[in-house]
Every structure is written in structure tokens, then in C-alpha cells.
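Below is one structure; the comments refer to it alone.
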Amino acid sequence: MFRNALKVFCAVSCLMALPAWAQTKPAEKSTDVDKDVTEVTVLLKKERAAPIFDANRPLKSFFTSSDGCGWYDNPAWEFQEWPDDATQPYVRPMTAIEKAYVYDFTGKTRFDEKTLGATTDGQTTQDSSAADGSSTFGGGVVPPSDDDAPLTPCEYARYQIARRDKSLSEAFAFYEQKKYPEAMSRFQTAYTKVGYDIAGLMLGDMYRKGQGVPRDMAKAIGWYRKVAEKAIHQQEPFDPKKPTAMSPRVEAAMMLAQIYLAGDGVPQDYKTGLRYVEQASAIGYVPATKLAGDFYYKGIGTARNLKKAVKNYETAALLGYAPAQYAWAEILYDGEEGIKADPGKARELYALAAQGGNAGAQYQMAVFYDTGDGVKADAKTALIYYKDAALGGDADAQNAIGTWFYQGDALLPKDQVVARKWFETAAQTGHSEAAFNLAVMYARGEGGAKDLVRAWLWFDVARRTGHPNAAVAGKQIEAQMTEVEKAELAKVLAPKT
């Protein structure tokens, strides 16, 4: 059975389209609250206490590693003893008023940003920009994980800090306007002050692309590393419906992998590239787990290690990642280097991967139903799988569909024009059989005009990609050519100057 060899792909999306987060201003408060200070009496003298929130003060001393708030996972913050009096409001337990301000413990009332009151419809009316920013892109704010639970003091502190800070939204606004120096300044503030991962990622992108500054790969790598190499306290959740969705931390790790694998501004280094692929895998990016398996399977950046490859494939497959299910099935179907063959389990994995949209697995399922391999032969089901796989880009399936249209039967009427198109689609990927079939159709004038020059060229593609009959066929076509056709072929083959 012809099966595709495993392919290693290292294409990484360099920049996701990201929204500029709008910050919602609280409603007007009283004059005393606007001052944001506390009047205290010391020795019968009034002194002005430090403001509860100082927008210009770095947050690096606000929390310690023992406060349970998790701020210590941001390398931009240094750790001191317990916060001073000015920062105490961020870590002390919430007062009854603050609890009501954020969440009614009955579970029926939610904080209303616009009125500073509460709603009674049970709907969340929190500042959506803060919640979205933290759950999807942020590094400095953690919204409540359960809509039916109150904010903890730590969550409340983070939420309030994020609400007040506008550096990130301003950074994206400047970036969209191509005001790169201003954007870079705001991104730096957003990272050092609040710790947003996305800000560090954007700084890395800007240095890599030379946006607002000369291109500087050393600084780009430095920023990517700040984001990618933060301590990992828990893996990010995997959503099979969005398998390639990346967080900023994952994207930074994968960008570093791409830089070292491609040798972009640094010496090409497959070992370091693999290290960052595995870093992304450790964070919880399942496609990177599968990709690490490819590296071990092919021995790229490391010695070939089938056991490690299978471990990575199995881990990603069990999490529902279709390409890993397919890769694991490819090994299990025939067995390999101490891995015992298990065709039954392989078919189960192929079926799961096919259901997940993997074109290679869909082709294998088509072959099973076409040949009756482990299942009852069913031409109709096979044709459905062939079609899905062909549309998904599998060259074997495209060639098979072309053959089906070329021959025709009760399920699919003969159509040589369509057959020629499918053969050409597959042949353009270097598929040997498809190139040979296309050459035959050009030589005979099937599905279109007869063209011996094109026939010879496609036979030559088939020859170079390993088809056993292509060399002889090419010589036969050349013998049939006119002098004009031979001159045209020579012109095509002449070196470009």
C-alpha cells in the first residue's frame, strides 16, 4: 500500500491579527474618590497618604512570591518583602463594599462597569476588554475562571490594575497607525508595568521586522525569549476545534524555533530549534508536540529516536490532534524498529484522524474501503473518502480521483477533462504516478489537445520522481516528435541566462 512519508513542516505564523483592546473608563465618582488618596491623621496633623493606585509606578514590588497571586511568574517583576502601605489595598482581603462592587455572593448579581452598581439578570457585565485580554493574550491579568464564583482578592487586584492601565491599547492603536516608535514605547511600558505577554511578543516582532527601528535579530530574540521562557505553572488548554491557536508565549517559542531552523540572522541550529519546539510543547501547544515527534522520527537536530517520536505522537494523538493520530497510525500499521505492528489500532487512529479532517488519513480510509482491507469493501464510502482527501490536498487521493474519472463507472461517470485536471493538480506536487498519467493524456490528446512536448516534460518529471516506466515512455515520445517540436523542447530545456 502506498502511504505518504511523514513530513516535517516548520512553517510558523509570524504575526496574528490582534485587536487593539479598548479600555472602558469607570463612571464619574465623587471628588474625594477622584483624588484617589486617603486622609490620615498623624500626631494631630493631616498627612497625605500615597495614592492607592499610582499609574506611573512599576508593579514589580506589588506582590511577593508567597502572596498566592501568581505574579511571580513574570520575569519583569522583582520580589521584595510584603508590599508597603501604598500597595497594601491590592493584597488585603476585600471589604464588604468591594465584594458587592465586584460580585454579589448570591451568584445573581454581577458588577456593572457603567453604573458602578450591579445588574440583576445574572449576566456578566465585567469590563470585557480586560477579561478578553487576560484570557487570550495577557500575562498580567487573570479573570475569574468560574462565572458562578466571586473574584478573589488577587483577581480583583489584577482586574483593577488592568482596567486602569491603557498602555497596551494605546500601543496597538499606534501600531495600527504605523507610528512604530510610539507603539514600541507603549509596548515596553505594557510589558514592564503589567507583564502582558503580547507586548513582549510584539516588541520581538518589531525588532525582527525593523518596524520603527533598524532590524535587530539579537534584540528580537531577546524579547521572544523573555516571553517564551517564563516559568510554566500550568499547561495551556488544547481546543481540538482550534488546534493551531497560539498564545503569545507559544508564538514566541515557535518563532524562536523558526529563526534557528531557518538561520534567520543567526547560524542555522536545528538543535536549538528543536529545543524551542519542545518549549512550546511543554507550554501545552499540541501541534508542537507532534512536530517534536517528527524531529525525533527523522533525526533532525538530534539522533533519530523512534521511541521518543512515538511518545510525542501518542501524547498529541490522545489529546485529539489529527496529524499526530495519523503519524502514530502510520507507524503502527506495519510496525517499525521494535514497535509491534497493530493494524487494528492503526485503523482506529486513521478513522479518528480522518474524522478530524486529516487528508492523509482520509486517503488511507478510502484505500481500506476500496480494497476491503480490514473492513467490508464499499466503493461508495471509498469514493467519499477519496474526494475529501483530494479536496484536502492529498496527492495520492487526487491521483486516485483522476483515475476514477478517467475510467468512469456507475458511481462516477467518465470525464477525461476532469481527470486531466486532477492528474495535473497532483503532478504539480511531484506525484510520480500522476505525472505519468498526465503525460499519457497529453501524448494521446485525451481530455484536451495533444501536446508531445508537454507529454515529454511530464514523463521527465515522472522519471525524476521514480516512476519505473517514465524513461522508456519519454524516449518513445521523443521519437514521434517533429523537428519543430524538438526545437520547441530544446528551447524549453535551454539554460536560463
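What to note about this one:
- Label-point separation, residue 334 to residue 218 (7 Å along Cα→Cβ), nm: 4.9 nm
- Between 198, 258, 177, the Cα set farthest toward the positive side of the dipole of the range 163-289 (charges on each charged residue's Cβ, about the Cα centre) is that of 177.
- Counting beta carbons within 10 Å around each of 459, 436, 238 and listing the fewest first gives the order 238, 436, 459.
- Length gained on full extension, residue 164 to residue 492: 111.4 nm, using 0.36 nm per residue less the C-alpha separation.
- Order of 249, 215 under a 10 Å beta carbon neighbour criterion, fewest first: 215, 249
- Between the range 416-434 and the range 295-360, the Cα center-to-center distance that results, in Å: 28 Å
- Stretchable slack from residue 262 to residue 245, in nm (0.36 nm times residue separation minus alpha-carbon distance): 3.9 nm
- With the highest mean first, a sort of the peptides 329-335, 412-418 on other beta-carbon atoms found within 10 angstrom per residue produces 329-335, 412-418.
- Residues whose placed amide H lies under 5 Å from that of residue 445, excluding near-sequence neighbours: 451
- Greater than 22 Å apart at Cα, pairs in 421/491; 271/298; 380/414; 193/226; 230/307; 226/298: 421/491; 230/307; 226/298
- Links that overshoot a 23 Å alpha carbon limit, given the list 178/219; 450/475; 290/376; 242/340: 290/376; 242/340
- Ranking of 403, 289 by neighbouring Cβ atoms within 10 Å, starting from the fewest: 403, 289.
- Computed from the Cβ-Cβ distance with R0 of 22 Å, the FRET efficiency linking residue 371 to residue 429 stands at 0.40.
- Rounded to the nearest whole Hz, the Karplus-based 3J(HN,Hα) values (6.51 cos²θ - 1.76 cosθ + 1.60, θ = phi - 60°) of the range 295-312 follow the sequence 4, 6, 5, 8, x, 9, x, 6, 5, 4, 9, 5, 5, 5, 4, 5, 4, 5, with x at glycine and proline.
- FRET E, pair residue 211, residue 271, Förster distance 45 Å, beta-carbon r, rounded to 0.05: 0.90
- Summed residue charge, Cβ within 13 Å of residue 302's Cβ, Lys/Arg positive, Asp/Glu negative: +3
- Extension gain for residue 179 to residue 484 (0.36 nm times residue separation, less C-alpha to C-alpha distance): 103.8 nm.
Since every read-out is calculated from the coordinates, none of them should be taken as a lab result. Just so it is clear, the structure is predicted and the values come from calculations on it, not from any experiment. Cβ: placed from backbone, ideal geometry, glycine included. Neighbour counts: every protein chain shown.
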